[in-house]
Every structure is written in structure tokens, then in C-alpha cells.
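This report refers to the structure that appears directly beneath it.
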Amino acid sequence: MALKIWLRDGEKVVVNGAVLVALGRTRLAIENHAAVLRESEIMGPDEANTPARRLYFAAMMAYVEESARERYQDQVVLLLHALLGAIEADEAKALCVAFARHIAAGDFYRALGICRELIAYEAVALARDPAAVAERVEATH
């Protein structure tokens, strides 16, 4: 069954590392396995400015840049280890475990979805006590 994507005029999508831009409203059907990210799921390197965001960026790059997957997977492992050492909440640790399972299975797209939940958790934690969270993360490096 094909993956169907609807794009707005000017919206970007990455397919196997290639950036495509919709010229007008576009509907795509992708009929084989491909690494696909919509514009809203793409993170630039300058946005990877917190531990969970750095983890997302590394996993995203491993997903879309198959030729550099091994290098980014090593980075994912290091970043995940640091994040696990910095968090205490069982819910966040469970998200990290689910993320790791998907990465190990090569299911990067689902791992990225879980990592977005980690980013949301991190945003709430940073809003409560940004200094404490930053200290914990720096201590684990």
C-alpha cells in the first residue's frame, strides 16, 4: 500500500535525503520503502539546542542519510546515554527505552515520533527548573 502525502504550495519534504519543494498543492504516493520527512518533522542543526533536540537531530540524520547512518547511530547512542543519566521521571525513561527499541529495530520514523514526545517533556522540565536540568546534562558528558 502506498504512502500518500498531501503538500501545500511551497511545503518541503525530504525523501531519501533529497529535499523536494511542492509547486502548488501536491499529492504524492510513495509506493516503495523510503525515508520520508515532512517539513514540520525536519529539524535544522541550529534547532538542536537541548539534549532531546540533539538526540532527535542525530536520529533524523541517521534516518535520511543512509550513507552516514553508522556515524549518526553512534552519536544517537551517546546522546541517549547522556539523556538517560539526566532524567529522573519514569515516564521519560520509558520514552527513552521505547526510542532505543525503535532505533535498534531500524524503525527511525517511529523513533523520531517518540523523540518528539521527549522534546515536549524536556520543554516542560526546562520551564520548571532550567538550571537543574542543564547541570544534570552537563554532568553526564
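Taking springs between alpha-carbon atoms closer than 10 angstrom, which of 119, 103, 30 fluctuates most in the Gaussian network model of the chain? It is 30. Taking trypsin sites (Lys or Arg not before Pro) as exposed when DSSP calls them loop (any state but H, G, I, E, B) and at most 16 other Cβ atoms lie within 10 Å, what is the longest stretch of the chain free of them, the sites themselves excluded? For trypsin sites (Lys or Arg not before Pro) (loop position, at most 16 other Cβ atoms within 10 Å), the longest site-free span of the chain is 26-141. For segment 65-134, which GluC sites (Glu not before Pro) are in a loop by DSSP, counting at most 13 other Cβ atoms within 10 Å? When the GluC sites (Glu not before Pro) of segment 65-134 are filtered for loop state and at most 13 Cβ neighbours within 10 Å, 88 remain. Among the protein heavy atoms of the chain, carbon and sulfur supply 54% of the accessible surface, probe 1.4 Å, non-protein parts ignored. Under a GNM of the chain (C-alpha, springs under 10 Å), which listed residue has the highest mean-square fluctuation: 74, 90, 107? Answer for the Gaussian network model of the chain: 90.
Per residue, the solvent-accessible area of segment 1-120 (1.4 Å probe, heavy atoms of protein chains only, all protein chains present) comes to 59 Å². Here the Gaussian network model covers the chain, with springs between Cα atoms less than 10 Å apart; of 83, 95, 118, 95 fluctuates the most. Radius of gyration over Kirkwood radius for segment 1-123, both on Cα atoms: the Rg/Rh ratio is 1.00.
The values are calculated or read from the model by the stated rules, or taken from the named source; none is laboratory data. Since the model is a prediction, treat every value here as computed from it, not as a measurement. Cβ: placed from backbone, ideal geometry, glycine included. Neighbour counts: every protein chain shown. Keep in mind that these areas ignore ligands, DNA and RNA; they rest on the heavy atoms of the full protein, side chains included. Shrake-Rupley method; radii C 1.70, N 1.55, O 1.52, S 1.80 Å.
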